[in-house]
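The values are calculated or read from the model by the stated rules, or taken from the named source; none is laboratory data. What you are looking at is a predicted structure, and each value in this text was computed from that prediction instead of being measured. Every residue, glycine as well, gets a Cβ built from its backbone with ideal geometry; the counts of neighbours run over all protein chains shown.
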Ligand SMILES: Nc1ncnc2c1ncn2[C@@H]1O[C@H](COP(=O)(O)OP(=O)(O)OP(=O)(O)O)[C@@H](O)[C@H]1O
Ligand SMILES: [Mg+2]
């Protein structure tokens, strides 16, 4: 009898323990869920980051896919858009972000609306940050070409990218492409951004590996270990300290109605938020033109299996402490991106169509490129004039240059559509 009671007691004790454990584990899961929701970002549970692997693998796909050229647009009456940008001169923008003002919710009355028609307002343009000015880029390129590389180490992503230290102690990310397409994509996207006046890409130079040259001799052994081929052309981009990740802002997420020039939607944003959105509108234009899928577009694609991907940091996009967005790793642009357009175009279009607010200055450049139909010539001239190694690396094929011009035209048509749509709405 005593033995039976003891067994019963032991059983009762075990049941109690199991119940406590069960309740505790449920509470733990509930708490984790709450934390995720309230942070609304960063790391979300155990869901694997499939996207990065997928896109890295895609970059390695040899490009024999049929090109999607899109339609060359019919001539449109440009006057409307041109009128809105006509008064815009090309001027230097200076970093002038009022951090105290930025922290305040809403736009101060005296500054007025954040938008004028489909454009960000002039007062916002006056505060718009110039991340890497032309002068800065030119000076950096001169210095980078003139200094020896004294150290190569990890610190710029995957192993084929290396953090280089120059003899003056400044740093750069060296990107060694698995094929020339990647280095071309990185380099030509940088110059396309320059042509559009987009300053968010760190300055870039090309260099040719030659362990007997003064530039590389100090890192000869390291280069041997990395198995980089002699004479390969690599890109070097300025390394920037203290960068942090960036989450896609709400108006650009799939559940939103997009970024529209509506005062009542934008009027509640802080100046800092508006300045960031402005940079996003340039980013979307650049990624559309270059067909770079390795940023916002890849997130859209990943939504199929990862519903919370937008709550995580965007690939290849970083932010400086003062709020400038830095567009890194553009190697999918222009060359590889055009090769795989068949697969990505619907996502590129979805992202572009979600934006109807633009920077006047960027649109002015798009209008010029559309009118003159000379994007290839201007890009080639800028690249040749700025980069001594351009003959070694080569340029876009005629076919890809045609794709670029057709994307300029499609972008132009979209801007026109936004103008008509929001003009009709009395915006
Ligand atoms: N110019 C730069 N300045 C500072 N840090 C940089 C720069 N470029 C890259 N990095 C750092 O290296 C990381 C990876 O960069 P990048 O995307 O160029 O390489 P990757 O090999 O494609 O990596 P991933 O596959 O993670 O995208 C960035 O998140 C950043 O931390
Ligand atoms: Mg990357």
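Key figures
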| quantity | calculated |
| --- | --- |
| Flag for residue 282 being within 12 Å of the chain's Cα centre (by Cα), at pLDDT 95 or above and within 16 Å of ligand 1 (Cβ to nearest atom) | no |
| Residue ID - nearest to residue 203 (Cα to Cα), chosen from residues in segment 166-179 that are in contact with a strand residue (DSSP E or B) (Cβ under 7 Å, 6 or more places away or on another chain) and more than 11 Å from ligand 1 (Cβ to nearest atom) | 166 |
| Tally, over segment 142-162, of residues that are within 16 Å of ligand 2 (Cβ to nearest atom) and either outside any loop (DSSP other than H, G, I, E, B) or in the same structural domain as residue 125 (by TED's automatic domain parsing) (or both) | 2 |
| Among the candidates 300, 289, 274, 318, residue that is within 16 Å of ligand 2 (Cβ to nearest atom), outside any loop (DSSP other than H, G, I, E, B) and assigned by TED's automatic domain parsing to the domain that holds residue 407 | 318 |
| Where residue 182 falls short, out of the listed (1) within 16 Å of ligand 2 (Cβ to nearest atom); (2) over 12 Å from residue 237 (Cβ atoms); (3) not in a helix (DSSP H, G or I) | (3) |
| Verdict on residue 242 being at pLDDT below 95 and away from ligand 2 (no atom under 16 Å from the Cβ) | no |
| Residue 219 being touching a strand residue (DSSP E or B) at 6+ places or on another chain (Cβ under 8 Å) and within 27 Å of residue 334 (Cα to Cα) | no |
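This table checks each residue for (1) in the same structural domain as residue 185 (by TED's automatic domain parsing); (2) surrounded by 19 or more Cβ atoms within 10 Å (Cβ to Cβ); (3) within 16 Å of ligand 2 (Cβ to nearest atom).
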| position | (1), (2), (3) |
| --- | --- |
| 229 | yes, no, no |
| 232 | yes, no, no |
| 252 | no, yes, no |
| 260 | no, yes, no |
| 266 | no, yes, no |
| 270 | no, no, no |
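A quick yes/no check of all residues on (1) part of a helix (DSSP H, G or I); (2) in contact with a helix residue (DSSP H, G or I) (Cβ under 8 Å, 6 or more places away or on another chain); (3) within 15 Å of ligand 1 (Cβ to nearest atom); (4) closer than 23 Å to residue 139 by Cβ:
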{"site": "164", "(1), (2), (3), (4)": "no, no, yes, yes"}
{"site": "187", "(1), (2), (3), (4)": "yes, yes, yes, yes"}
{"site": "193", "(1), (2), (3), (4)": "yes, yes, yes, yes"}
{"site": "200", "(1), (2), (3), (4)": "no, yes, yes, yes"}
{"site": "211", "(1), (2), (3), (4)": "no, yes, no, no"}
{"site": "216", "(1), (2), (3), (4)": "yes, yes, no, yes"}
{"site": "223", "(1), (2), (3), (4)": "yes, yes, no, no"}
{"site": "234", "(1), (2), (3), (4)": "no, yes, yes, yes"}
